[in-house]
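A.B. asks: Got a structure for you, written out below as structure tokens; questions coming shortly.
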Amino acid sequence: MTDMVFGTVAARPGEPVLSRWWRTLDRWTLAATVGLFLIGLLLALAASVPLAEKNHLPQFHYVIRQVVFGIVSLAGMLWLSMQTPVTIRRMGVMGFIAVFLSICALPVLGTDFGKGAVRWYSLGFISLQPSEFVKPVFVIMVAWLMAASFDIAGPPGKFLSFVLAAVLAAILALQPDFGQAALVLATWGMMYFVAGASMPLLVSLAGVVSAVGFVAYNNSEHFARRIDGFLASDVDPTTQLGFATNAIREGGLFGVGVGEGTVKWRLPDAHTDFIIAVAVEEYGLILCALIIALFLVVVLRSFGRLQRERDPFARLAGTGLAALFGMQAFINIGVAIRLLPAKGMTLPLVSYGGSSLMAAGITLGFLLALTRRRPQDELTEALVEGRRR
């Protein structure tokens with residue numbers, strides 16, 4: 001029974017493992033992923049040079065690091081995509097426990113790099129941000145709990161997943177990292193809805209989140225400053241949002257030209273949180289539209305393939321991973337165009353950063369593994385075709 005639900009596609013006689021993997025993989029999602037990474041390298045060439053000069057490093061220091069991190073991330077993604085859902089579940093659960101403990105230890109062992117929020121571990125040659133890695137394994141953990149609640153006499157998995165999401169969001173908010181906390185709760189809400197939650201319950205939870213936000217606004221200067229800046233009628237041109245808004249306006253449809261942009265010299269986070277402003281200023285709205293289209297390909301293709309999924313764990317985990325990937329991109333772009341308050345969140349696969357790249361590789365590796373075609377898909381298609389006849 002386990003093999004029927006979780007097993008891989010039945011191999012053709014003499015078919016190699018790689019051939020079976022390629023035949024069952026969603027190649028559109030893989031192509032879109034590679035496309036986003038290549039665009040990220042293109043933008044790293046533009047956005048990271050000023051940072052290298054500021055830190056008195058070789059001109060392409062950060063570009064080379066991005067290439068190395070990217071190769072490691074893509075290799076890890078491909079390896080994960082070859083795993084079965086059972087293996088993904090086991091790795092996700094164990095990974096969540098390890099990363100959660102590392103987040104709890106941040107106040108003692110972590111560093112803030114002068115940014116006012118203790119979010120990183122400094123290992124000398126590299127820094128790691130646990131909140132980036134916790135998101136994909138959190139999705140796997142939550143999917144496992146929710147799926148267990150469908151079993152006869154199973155545990156109260158949905159309630160346990162809510163407690164887990166609330167605790168994790170609270171720890172992230174205390175760093176403070178309100179953006180990641182909001183993303184965790186939004187992803188859990190999407191998965192809870194797919195698992196069968198009622199709309200009144202979700203609306204009630206949204207009300208609770210709003211109340212918590214109100215309390216945070218009145219008790220956190222950091223949080224209040226960002227909300228006030230977002231709600232202000234005029235944007236201060238000397239702020240990050242001001243520089244980004246002006247860069248996007250100057251870029252227009254075709255951009256000011258490769259290497260001609262100026263926002264990368266003014267914004268300290270142009271290579272990470274505001275990479276989309278660099279893209280629009282130098283390459284125009286066309287490149288921005290291409291980036292959005294590639295994100296949509298990944299999310300919509302994944303949702304489409306998951307519609308045929310009958311196993312609750314694979315369906316919930318895949319939905320959560322696709323929603324996580326898409327919502328993080330939406331938040332990053334939304335902040336840059338002043339659709340959302342500033343949150344300090346990277347654009348997956350495009351922004352510079354080792355933690356961000358490797359976390360995106362894990363997310364997409366899990367997603368590709370869970371959206372591979374399995375025997376149940378072939379059976380479903382046969383039944384549909386039989387009804388049509």
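A.B. asks: Could you pull out every residue, at least 5 positions away or on a different chain, whose amide H is within less than 5 Å of the one on Tyr352? Hs are placed 1.01 Å off N in the peptide plane, and Pro or chain starts have none.
C.D. replies: Thr272
A.B. asks: Work from the charge dipole of region 25-382 (Cβ charges, +1 for Lys and Arg, -1 for Asp and Glu, about the Cα centre) and give the residue of Ala289, Met345, Pro136 farthest towards its positive end.
C.D. replies: So the residue furthest toward the plus end is Pro136.
A.B. asks: Can you give me the angle between helix 178-194 and the longest principal axis of the chain, using Cα atoms only, in degrees from 0 to 90, rounded to the nearest 10?
C.D. replies: 20 degrees
A.B. asks: Return the whole-Å distance between the Cα centroid of region 16-63 and the Cα centroid of region 318-364.
C.D. replies: Rounded to whole Å, the Cα centres lie 15 Å apart.
A.B. asks: Suppose every K and R has +1 on its Cβ and every D and E has -1 on its Cβ; what is the size of the dipole of the chain about the Cα centre, in Debye to the nearest 20? Intermediate results must be reported in sequence, preceding the final value.
C.D. replies: On the way: 30 positive and 24 negative charges, 211 e Å.
Here the size comes out at about 1020 debye.
A.B. asks: If you don't mind, there's one more thing I want to ask. Taking the dipole about the Cα centre of region 183-286, with the C-beta of Lys and Arg at +1 and of Asp and Glu at -1, give me whichever of Ala232, Leu202, Ala279 is farthest to the positive side.
C.D. replies: Leu202
A.B. asks: Let me ask you something else. Modelling each spin label as a point 7 Å along the Cα-to-Cβ direction, I'd like the Leu339/Ser204 distance in nm, to one decimal.
C.D. replies: 3.2 nm
A.B. asks: Determine the relative contact order of the chain: mean sequence separation of Cα pairs under 8 Å and six or more apart, normalised by residue count, in whole percent.
C.D. replies: Values: 534 pairs, mean separation 107.6, N = 389.
It comes to 28 percent, rounded to a whole number.
A.B. asks: Additional query: Given springs between every Cα pair under 10 Å in a Gaussian network model of the chain, which of Gly326, Gly261, Gly213 has the largest fluctuation?
C.D. replies: Gly213
A.B. asks: With a point put 7 Å past each Cα toward its Cβ, work out how far Ser220 is from Asp234 in nm, to one decimal.
C.D. replies: Label-label distance for Ser220 and Asp234, simple model: 2.9 nm.
A.B. asks: So what is the 222 nm mean residue ellipticity for the chain from helices alone, if each DSSP H run of at least 4 adds -39500 (n - 2.57) and you divide by all residues, rounding to the nearest 500 deg cm²/dmol? Walk me through the intermediate numbers first.
C.D. replies: On the way: 18 runs with 274 residues, N = 389.
-23000 deg cm²/dmol, from helical runs alone.
A.B. asks: Please give the helix 157-173 orientation as an angle from the longest Cα principal axis of the chain, in degrees from 0 to 90, rounded to the nearest 10.
C.D. replies: Orientation of helix 157-173: about 10 degrees from the principal axis.
A.B. asks: So how long is each side of the chain along the principal axes, counting just the alpha-carbon atoms, biggest first, in Å?
C.D. replies: 62, 47, 44
A.B. asks: Taking Rh as the Kirkwood radius computed over C-alpha pairs, what is the Stokes-Einstein D of region 117-213 at 25 °C in a medium of viscosity 0.890 mPa s, expressed in µm² per second? Could you put the intermediate results ahead of the total?
C.D. replies: On the way: Rh = 14.5 Å.
Taking Rh from Cα pairs, D becomes 170 µm²/s.
A.B. asks: What's the angle, to the nearest 10 degrees (0 to 90), between helix 312-336's Cα axis and the longest principal axis of the chain?
C.D. replies: 10 degrees
Every read-out reported here was derived from the displayed coordinates using simple, explicitly stated rules and does not represent laboratory data. Bear in mind the structure is a predicted one, so any value in this text is a computation, not a measurement. Cβ sites come from the backbone with ideal geometry, for glycine too, and all protein chains shown count toward neighbours.
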